[in-house]
Amino acid sequence: MQLFLERFIVSSTPSWRVLLAVFASTPFFLVVLVGHGLALNTPGMQEALNPWALWPLEGWLALATLVNLITAWRLWPHRDLPDAVPQATLLVCLAIGPSFTLIAILAGTFTTALNLVLLGVLAIGLLLFERRPMLIAYGTCVAIISAHDLGVILGWWVYAPAFKGQVMQGREPVWWFHIWRQFAFVASGVVMLGLLGLLFDRLDQVHAKLRRLSYTDGLTGLANRRRAMEVLHNEVARQARTGQPLSLVLIDADHFKQVNDQHGHDVGDQVLRTLGSLLLACVRSPTDVACRLGGEEFALILPDTRLDQVEAVCERLRQQLARRSFGHGDAAFKVTLSMGAVEGRGQDVESLLQQADQQLYRAKSTGRDRLCMAGTSVEPA
């Protein structure tokens, strides 16, 4: 289901969505065409059916099937193009929606389960197509149903035009009508359950996307401050239970305000994105968490990592950044980092952050472009 949604609903082109609707509806139309044709030519069923209602429906379904197939034939070579196909979309919507509406009306909209199929078809259309063609299709279906109900009220035609009184034997329907009605009920249930599954799966995707957005920094793709604080609280609690090491590194891009002032915010954003990608490349995923706390401030949360191991991580980050230059020509420049690291030894989150911030301040005040840890200052080679 996830791959289906991703391919045909979430990331599909407009042409692919039209083709999906055609592939889903055309076999049903063919089954109805063949079934009605057999029933109209089968002794024992003919006397309970109204040919004047069913033959026009057969003609309409044949026309709708032809429209679907021609539309699919014309769209197939261009199925991967991102361009909208408003005319083809409208044609398919007007072929499918009214066809299911007419089938439901002729069999009795409320005494059979075909109204559920109609609701499911229209609701699925909202997932596949843009608003305008679906509004036109909705309006057409509502107009057909309203006209039919008005005719029934005025006595111009009967409630279920496809059937005569012979379809009932006393209070019970004839055997074939009973089977057909049960089949329609089961098919309607399958359509509605499939639709509900589709909608809930789509809703789960939306919730997952919102959750990712709420935990992700939009510029760098790193975890944001909210996610960093959540992870840090969880890791401190885990350390208290297991006694495993935990290290925290606070990172600040040196003189970043000058970068924005001299080279512009676009170049500054490029620097931040590069730092984000380097941070992700220098840590273990998904064990370690790289975060952007705000502005040019970053953090690394390193579970199961001692200070001597932190030094290797930070040196790898410094070397990777030293190979990068930003800007162009005479305006090219390098970026360095000040880093402060601390190993957790049972402190709470606030104390851990405060100690790491003290080490970061020491790195800035002693010349920048270095890593400071408790009792140690590591300068670049």
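Between residue 160 and any residue 5 or more places off or on another chain, the built amide H atoms are never under 5 Å apart.
Annotation: lysines with alpha-carbon distance below 30 angstrom to residue 364 (same-chain offsets under eight excluded): 257, 334. Amide H contacts for residue 344 (H built 1.01 Å from N in the peptide plane; partners 5 or more residues away or on another chain; cut-off under 5 Å): 246, 247, 248. Around the amide H of residue 49, modelled in the peptide plane, lie the amide H atoms of 164, all under 5 Å away and 5 or more residues distant in sequence or on another chain. 3J(HN,Hα) along segment 146-154: 5, 5, 5, 4, 5, x, 5, 4, 7 Hz, from the Karplus curve 6.51 cos²θ - 1.76 cosθ + 1.60 with θ = phi - 60°, whole Hz, x for Gly and Pro. What the phi angles of segment 93-102 give under the Karplus curve with 6.51, -1.76 and 1.60, with θ = phi - 60°, is a coupling list of 4, 6, 7, 7, x, x, 5, 5, 5, 5 Hz, glycine and proline written as x.
How many percent of the accessible area of the chain is carbon or sulfur, using a 1.4 Å probe? Accessible surface attributable to carbon and sulfur in the chain totals 62 percent. Shape class for segment 233-381, computed from the alpha carbon gyration tensor (a ≥ b ≥ c): prolate, with a/c not under 1.5 and a/b above b/c.
In the full protein context, the chain carries 54 Å² of accessible surface per residue, based on a 1.4 Å probe and ignoring ligands, DNA and RNA. Springs between Cα atoms under 10 Å define the GNM used for the chain, and in it the highest mean-square fluctuation of 150, 106, 203 occurs at 150. Averaging the sequence gap over all C-alpha pairs within less than 8 Å and six or more residues apart, then dividing by the number of residues, gives the chain a relative contact order of 13 percent. Estimated purely from DSSP H runs of n ≥ 4, each contributing -39500 (n - 2.57), the mean residue ellipticity at 222 nm for the chain is -21000 deg cm²/dmol once divided by its residues.
Computed from backbone phi with θ = phi - 60° and the Karplus coefficients 6.51, -1.76 and 1.60, the 3J(HN,Hα) list for segment 155-165 is x, 6, 8, 8, 5, 10, x, 6, 10, 9, x Hz; x is used for glycine and proline.
The values are calculated or read from the model by the stated rules, or taken from the named source; none is laboratory data. Everything numeric here is computed off the predicted structure, so don't read it as measured data. Note: accessible area is taken over every heavy atom of the protein model, side chains too, but ligands, DNA and RNA are not part of it. Shrake-Rupley method; radii C 1.70, N 1.55, O 1.52, S 1.80 Å.
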